[in-house]
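Okay, structure first, notes after.
The values are calculated or read from the model by the stated rules, or taken from the named source; none is laboratory data. Keep in mind that what you see is a predicted model, and the values were worked out from it rather than measured. Cβ coordinates were reconstructed from backbone atoms using ideal geometry, including for glycine residues, and neighbour counts include every protein chain displayed. Areas reflect the complete protein model, heavy atoms only, side chains present, ligands, DNA and RNA absent. Shrake-Rupley method; radii C 1.70, N 1.55, O 1.52, S 1.80 Å.
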Amino acid sequence: MDAQNKTFQTGMEYCLKDLFSSDNKIIIPDLQRDYCWGDKAELVGNFVNNLIELFNKTDRQQITMGLIYGYEEPFQYLQLCDGQQRLTTLFLLLGLINKRTGNAFERYIITDKTLKEPRLQYAIRENTLYFLFDLVGNFFIGNNSSLNIDDIRNRSWYFKDYDVDPSIQSMIKALTAINKRLTNHDIKDKCEEFGDFLMNKVFFLYYDMENRRNGEETFVIINTTGEPLTATENLKPLMLSKIADEEKQKSASQKWERWE
């Protein structure tokens, strides 16, 4: 895909409103691991607490939450190679804020009111994908303000197989931790204002991996070696993307590996 025709460009900062708008969808591809932040309730709680503290400051400056890596395939489908835990947690937070504000943020959670297709989708396994569709359509949006997180497992759309899906169970735990923070006296009456803050002040720096192959290489480096990307590992996909001819790009990639 030509860089000029892409929604997201390398080196640009995007706020949550940019990511969750238009017909954009954030896809967690099958190369990713499960969502796991919810298994560490303190991690989710501290994450949300930090956001609330920044919101409660008088100046409310822009927050850049680091890099996210991905590739856009097809158009407006951002396949996320790194940043899954942060963006999933923010999406769950936004869902609960929408529930508390009478659907004030519905347009950032779904792309279509009829299909109720969530902007965040998991391709790791079908169970997680189906659960997110139902969680969004039957819990985050609509007239469901009386439903509590404890009610989720008792709903007709919650299937027994979900009990053994680690991402789903982690999401439910994360929702419990987030909801606990949103009931605090310093935020519970400011949810809509807090949501606006998140959408407009929380930014990510985007790095385009160009395609799945480069995305998989980056994922392996980040998640198996435990070491950060080197300068040349960051530069490689950026430089190769400038070569339009596929054969020449392949040849350049092989030369790059020899140089490395």
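For the reader, a short list of remarks on this structure follows.
- Matching option when the condition is within 17 Å of the chain's Cα centre (by Cα) and among the polar types (S, T, N, Q), among Thr111, Thr58, Thr101: Thr111
- Filter result (acidic (Asp, Glu) and assigned to a helix (DSSP H, G or I)) within segment 11-49: Asp18, Asp39, Glu42
- Across segment 123-157, the number of residues qualifying as surrounded by fewer than 19 Cβ atoms within 10 Å (Cβ to Cβ) and not in a helix (DSSP H, G or I) comes to 12.
- Positions within segment 166-188 being open to solvent by 50 Å² or more (accessible area, probe 1.4 Å), of a type in the set (Val, Ile, Thr) and in contact (Cβ under 8 Å) with a residue 12 or more places away in the chain, in sequence order: Thr176
- Looking across segment 11-37, the residues that are of a type in the set (Phe, Trp, Tyr) and within 28 Å of Tyr162 (Cβ to Cβ) come down to Phe20, Tyr35, Trp37.
- Selected residue [open to solvent by 30 Å² or more (accessible area, probe 1.4 Å), part of a helix (DSSP H, G or I) and without any contact (Cβ under 8 Å) to a residue 12 or more places away in the chain] from Asp112, Asp163: Asp163
- Close pairs from segment 39-61: first farther than 16 Å from Ile187 by Cβ, partner open to solvent by less than 50 Å² (accessible area, probe 1.4 Å), Cβ under 7 Å, at least 6 apart: Asp39/Ser170; Ala41/Ala177; Leu43/Trp37
- Consider segment 75-85 and keep the residues that are within 11 Å of the chain's Cα centre (by Cα) and free of Cβ contacts under 8 Å to residues at least 60 places away in the same chain. The one that is most open to solvent (accessible area, probe 1.4 Å) is Gln85.
- For Met12: the one exception among (1) surrounded by fewer than 14 Cβ atoms within 10 Å (Cβ to Cβ); (2) within 18 Å of Lys188 (Cα to Cα): (2)
- Filter result for Glu117 (open to solvent by 10 Å² or more (accessible area, probe 1.4 Å) and either among the polar types (S, T, N, Q) or free of Cβ contacts under 8 Å to residues at least 24 places away in the same chain (or both)): no
- Test: residue in segment 211-234 that is modelled with pLDDT of 95 or more and either open to solvent by 10 Å² or more (accessible area, probe 1.4 Å) or farther than 23 Å from Thr10 by Cα (or both): no
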